[in-house]
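J.: The structure follows.
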Amino acid sequence: MSVEAVLVASGARAPVGTTAESVAAAVRAGISRVRLLQVPELGRQAESFIARDGLLDAQEWSGAARMAALGAAALEEVLARLAPALPLENVEVPVLVGLPEERPGWKAADASRVVAALSALGSERLRLRVEPRLTGHASALEGLREAVTRVGRAARSPLVIVGGVDSYHDVQTLAWLRERNQWLEEGTRTGFAPSEGSAFVAVMAAPDARRWGLVPHATVRAAATAHETKLIHTDDLNLGEGLTAAMSEALAPLEGTREVAASVHSDLNGERYRSEEWGFVALRLGAAFRDASVIHTPVSSCGEVGAATGALNLVLCAQAWRRRYASGPRALLWGSSEAGLRAAALLEEPLSGSEEGAKPWPR
């Protein structure tokens, strides 16, 4: 990477919290909002595992409406943290927001509702240009890669906001998950607890962050994407080739060094396909990790948050360094979308390699 890109602000909203700090603290504490409940709107059925944002209207079963509210809450938190540092002149800020891939209850046209809710948070000094990406689980990390490129250009945007928003709480979507045996309930061998959430992070070049007086939360060492052709819900055997390609590129800065990724943040959610994919990748690249068997995922606390997962993992990783409970100075994040997009990012604690910021982490 030609420029040192850093994360300088974050915001999050999930069933376990309403801010980046509260969500991260709840996940760290093992607090869970996953419950075994019936969903009367789908008819009389056995109880199923599910997680919901308790502050949203329980009678609202439009996924697009819930995404609009969740996304606005998390983005507003980021903007509030940035406000004191904004220059006096007008600033146009790209907002790269990851959204679900098309599915029953969610079509491309529905993205306009989320885009409108996010765009409305702009002001005369801060003009938001919201760019939706309907690429699912890996969308936020894909957006991070694009953000790093943009802040590194000669005629660049000084600030890019990256995030993800999702909600499975739509009657059509839940019925579809049940038909595909993806909903964790009685009679399913693997599956997940449908949930909802949102998260955003602000990305800047390190010199711009210093000029604005913003303290970095994390440094992006590398970000990469690839594509997998052996997809979930097909008879093809996925050997993790796409994810291996994305991770190999993201881990390239560690080649020839003694450095390893101390932690791994993923979107593993209980589906066998994802676990097997990671298993093949770990066999190939295990030497790059301190312990490839230890995987951090927000699913046990928040449920499956879909396209918000990558952004939420960025927030959780940055908060671990800010609060000094991280297991080391480097982390590898990855995401796997159903349509084949794979993305990975290598993050590092700011200044961990310098004398000023050296920490007693295992190397």
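The values are calculated or read from the model by the stated rules, or taken from the named source; none is laboratory data. Note that the structure is a prediction, hence the values are computed from the model and not measured. Positions of Cβ are backbone-derived with ideal geometry, glycine not excepted, and every protein chain shown enters the neighbour counts. The accessibility values were calculated without ligands, DNA or RNA, using every heavy atom of the protein model including side chains. Shrake-Rupley method; radii C 1.70, N 1.55, O 1.52, S 1.80 Å.
J.: How big is D for segment 229-329, in µm² s⁻¹ as a whole number, if Stokes-Einstein is applied with the Kirkwood radius of its Cα pairs at 4 °C and 1.567 mPa s? Before the final figure, lay out the partial values.
T.: Details: Rh = 14.8 Å.
My calculation gives 88 µm²/s for D.
J.: Checking the a/c ratio against 1.5 first, then a/b against b/c, what shape does the Cα gyration tensor give for segment 273-349?
T.: Oblate.
J.: Something else: First measure r as the distance between the Cβ atoms of SER327 and ARG211, then evaluate 1/(1 + (r/R0)^6) with R0 = 30 Å and state the FRET efficiency to the nearest 0.05.
T.: 0.40
J.: Further, regarding this structure: State, to one decimal in nm², a quarter of the convex hull surface area for the C-alpha atoms of the chain, i.e. the direction-averaged projected area.
T.: So the Cα hull casts an average projection of 17.3 nm².
J.: Given the options VAL91, SER198, THR188, identify the residue whose Cα lies farthest towards the positive end of the charge dipole of segment 89-204 (+1 on Cβ of Lys, Arg; -1 on Cβ of Asp, Glu).
T.: Of the listed residues, the answer is VAL91.
J.: Ok, one more. Given the options GLY98, GLY303, GLY191, which has the most mean-square fluctuation in a GNM of the chain, springs set between C-alpha atoms less than 10 angstrom apart?
T.: Among GLY98, GLY303, GLY191, the largest mean-square fluctuation in the Gaussian network model of the chain belongs to GLY191.
J.: Here's a follow-up. Let me spell out the model: positive unit charges on the Cβ of Lys and Arg, negative unit charges on the Cβ of Asp and Glu, origin at the Cα centre of segment 107-221. What dipole size does that give, in debye rounded to 20?
T.: For this selection, approximately 720 debye.
J.: What does the charge dipole of segment 68-160 about its Cα centre add up to, to the nearest 20 debye, if the Cβ of each Lys and Arg holds +1 and the Cβ of each Asp and Glu holds -1?
T.: My answer is approximately 180 debye.
J.: Taking a ≥ b ≥ c as the square roots of the eigenvalues of the Cα gyration tensor of segment 63-132, is the shape rounded (a/c under 1.5), prolate (a/b larger than b/c) or oblate? Could you put the intermediate results ahead of the total?
T.: Working: a/c = 2.97, a/b = 2.26, b/c = 1.32.
Since a/c reaches 1.5 and a/b is larger than b/c, the shape of segment 63-132 is classed as prolate.
J.: Give the carbon-plus-sulfur fraction of the accessible surface of the chain in %, rounded to a whole number; probe 1.4 Å, heavy atoms of protein chains only.
T.: Ligands and nucleic acids excluded, carbon and sulfur reach 51 percent.
J.: State the Cα centre-to-centre distance between segment 25-90 and segment 182-203 in whole Å.
T.: Their Cα centres are 12 Å away from one another.
J.: To the nearest 20 Debye, how big is the dipole of the chain about its Cα centre, given +1 on the beta carbon of each Lys and Arg and -1 on that of each Asp and Glu?
T.: Around 780 debye, computed over the chain.
J.: State the answer as a single residue: which of GLY340, VAL260, ALA245 lies farthest towards the positive end of the charge dipole of segment 243-363, with beta carbon charges of +1 for Lys and Arg and -1 for Asp and Glu, about the Cα centre.
T.: VAL260
J.: Follow-up. Going by average Cβ density within 10 Å per residue, which order do the peptides 318-326, 51-59 take, highest to lowest? The partial results should precede the final answer.
T.: Working: 318-326: 18.6, 51-59: 15.2.
Most protected by this proxy first, the peptides run 318-326, 51-59.
J.: Projecting each Cα onto the charge dipole of segment 22-104 (Lys/Arg +1, Asp/Glu -1 at the beta carbon, about the Cα centre), which of LEU55, GLY43, ALA65 comes out farthest on the positive side?
T.: Result: GLY43.
J.: In the Gaussian network model of the chain, springs joining C-alpha atoms below 10 Å, which of PRO298, PRO104, PRO40 carries the largest mean-square fluctuation?
T.: Per the Cα network of the chain with a 10 Å cutoff, PRO40 tops the list.
J.: Among rounded, prolate and oblate, which fits segment 5-129 when a ≥ b ≥ c are the square roots of the eigenvalues of its C-alpha gyration tensor, a/c under 1.5 means rounded, and a/b larger than b/c means prolate?
T.: The shape class here is oblate.
J.: Okay, helix-only estimate at 222 nm for the chain: each DSSP H run of n ≥ 4 adds -39500 (n - 2.57), divide by all residues, round to 500 deg cm²/dmol; what do you get?
T.: On the way: 10 runs with 110 residues, N = 363.
Calculated from helices alone, the mean residue ellipticity at 222 nm is -9000 deg cm²/dmol.
J.: Right, here's the next one. Counting only DSSP beta bridges with both residues in the chain, what percent are antiparallel, rounded to the nearest 5? Mind dumping the intermediate values first?
T.: On the way: 40 of 60 bridges.
Percentage antiparallel, nearest 5: 65.
J.: At 1.4 Å probe size, with every protein chain present, just tell me what the per residue accessible area of the chain comes to in Å².
T.: Result: 40 Å² of accessible area for each residue.
J.: Here's a follow-up. Residues in segment 89-103, backbone N under 19 Å from the label point at LEU126 (7 Å along the Cα-to-beta-carbon vector): list them, ranges by number please.
T.: Only 89-98 pass the distance filter.
J.: Of the DSSP beta bridges with both residues in segment 57-192, give the percent that are antiparallel, rounding to the nearest 5.
T.: Rounded to the nearest five, the antiparallel share is 5 percent.
J.: Right, next: Under a GNM of the chain (C-alpha, springs under 10 Å), which listed residue has the highest mean-square fluctuation: LEU333, LEU184, LEU243?
T.: LEU184
J.: Using a simple spin-label model with points 7 Å from Cα along the Cα→Cβ vector, what separation in nm is obtained for LEU42 and GLU255?
T.: Label at LEU42, label at GLU255, 4.5 nm between them.
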